[in-house]
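One structure is given below, encoded as structure tokens.
The values are calculated or read from the model by the stated rules, or taken from the named source; none is laboratory data. In this text, all values refer to a predicted model and were calculated from it rather than measured experimentally. Backbone-built Cβ (ideal geometry, glycine too); neighbour counts: all protein chains shown. Protein only, heavy atoms only, side chains kept; ligands, DNA and RNA dropped before computing areas. Shrake-Rupley method; radii C 1.70, N 1.55, O 1.52, S 1.80 Å.
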Amino acid sequence: MTADATPALVEDKQRTAAGPRVRKGSAYPRYLAGKVAGAAVSLLAVLVTSFFLFRLIPGDPVKTMTGGRQVSAEQLAAYREEFGLDLPLWRQFTDYCGKALTGDFGTSYQFRAPVVDKITEALPNTLLLTGTAFILYTALGIFLGTRSAWRHGRLGDRVNTGLALTLYSIPSFWLGLLLIIVLSVGIGPLPGMFPTGGMESGGEEGFAYVLDVAHHLVLPVVTLVAVEYGQTLLVTRSALLDEMGSDYLTTARAKGLRDDLVRRRHAVPNALLPTVTLIFINLGRTVAGVILVETVFSWPGLGGLFYQALSVPDLPLVQGLFFVFAAAVILMNTLADLVYPLLDPRVAR
């Protein structure tokens with residue numbers, strides 16, 4: 001390879017990572033239309049599934065709402081008529097689909113409030129928890145993944161990979177309970193340092209309220225980061241290992257570039273393509289919340305709300321939450337599919 005060809009090779013690889021130039025007759029519009037149509041079909045399938053799936057749950061929502069009290073048959077019939085449970089199944093389904101397409105998921109059985117209002121009330125709490133954890137475990141996973149790949153086979157790589165695999169295989173609810181026992185309740189000489197659950201202690205205002213919420217946020221965030229960062233680490237590490245044997249990196253080193261510069265400017269940007277997809281998937285999950293972690297720590301988010309609704313079963317609330325969870329993941333996956341060709345033009349060809 002000639003010296004004149006060296007800069008061109010590195011420049012060409014950087015141009016590929018930066019994205020394609022807009023050209024007439026590009027395949028991207030057709031690719032875009034296909035992905036959007038696929039997302040629309042998936043959302044429609046979720047809408048149908050959410051209606052029939054939760055009607056398989058045993059139990060009578062009306063009897064559950066009465067709390068085991070003695071209620072006459074006339075009162076039970078009045079409740080069923082109020083919530084539309086006396087209608088034929090096909091009529092319930094058509095009413096549900098028609099209202100859902102306009103953003104109306106009905107009224108919650110147990111809260112006697114619109115489902116949309118309950119979701120919007122709990123959504124900020126979920127985003128605070130999962131959004132904080134998402135930022136931390138994504139940054140930690142990418143950083144440790146690149147360091148492990150660049151020092152492949154060394155002690156640090158083996159320790160990072162082994163710890164990530166161990167934590168990734170631990171159930172989040174089990175780790176959460178363990179942290180509550182050790183760091184909230186206290187064990188032996190170690191006193192409890194964090195709340196056992198909830199989002200706030202109550203009675204705090206201003207900056208003291210912010211500190212109180214942050215104090216309650218520590219253990220659930222640590223649980224999510226510990227369980228989730230390993231996936232990002234392993235994907236980043238694997239992708240970077242695949243890139244490390246590429247000719248353009250050898251060329252960059254031959255130009256006299258420092259090893260750290262070669263990693264940051266050339267290897268990592270091109271190795272992050274699979275990680276970008278994973279980031280979008282995890283971003284969709286931030287809206288869906290983490291049902292087990294929110295339940296263990298009594299966090300008042302969408303996951304905890306879903307658990308409460310499922311125990312009744314509160315069909316309108318369960319259906320609405322299920323649709324929101326699935327829609328968030330589908331939309332983020334679709335967005336990842338749309339962004340990916342901008343990072344690697346070969347995808348849309």
Which one is modelled with the lowest pLDDT among residues in the range 151-168 that are among the basic types (K, R) and in a loop (DSSP other than H, G, I, E, B)?
R151
Working only within the range 327-338, note down all residues that are open to solvent by 40 Å² or more (accessible area, probe 1.4 Å) and over 16 Å from the mean Cα position of the chain (by Cα).
D337
Can you find a residue that is over 30 Å from V182 (Cα atoms), outside any helix (DSSP H, G or I) and either at pLDDT below 80 or in contact with a Leu (Cβ under 8 Å, 6 or more places away or on another chain) (or both) anywhere in the range 216-238?
no
Considering T161, T196, which residue is over 25 Å from S298 (Cβ atoms), in contact with a helix residue (DSSP H, G or I) (Cβ under 9 Å, 6 or more places away or on another chain) and among the hydroxyl-bearing types (S, T, Y)?
T161
Out of the residues in the range 273-304 that are touching a Ser or Thr at 6+ places or on another chain (Cβ under 9 Å), over 24 Å from L234 (Cα atoms) and outside any loop (DSSP other than H, G, I, E, B), which is most open to solvent (accessible area, probe 1.4 Å)?
V296
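Here is a list: E228, E200, E243. Which entry is closer than 21 Å to G153 by Cβ and among the charged types (D, E, K, R)?
Numbers: E228 fails: closer than 21 Å to G153 by Cβ; E200 fails: closer than 21 Å to G153 by Cβ.
One residue alone meets the criteria, E243.
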Per the filter on the range 91-148, residues open to solvent by 70 Å² or more (accessible area, probe 1.4 Å), hydrophobic (A, V, I, L, M, F, W, C) and closer than 30 Å to P269 by Cα are L127, I135, L136, F143
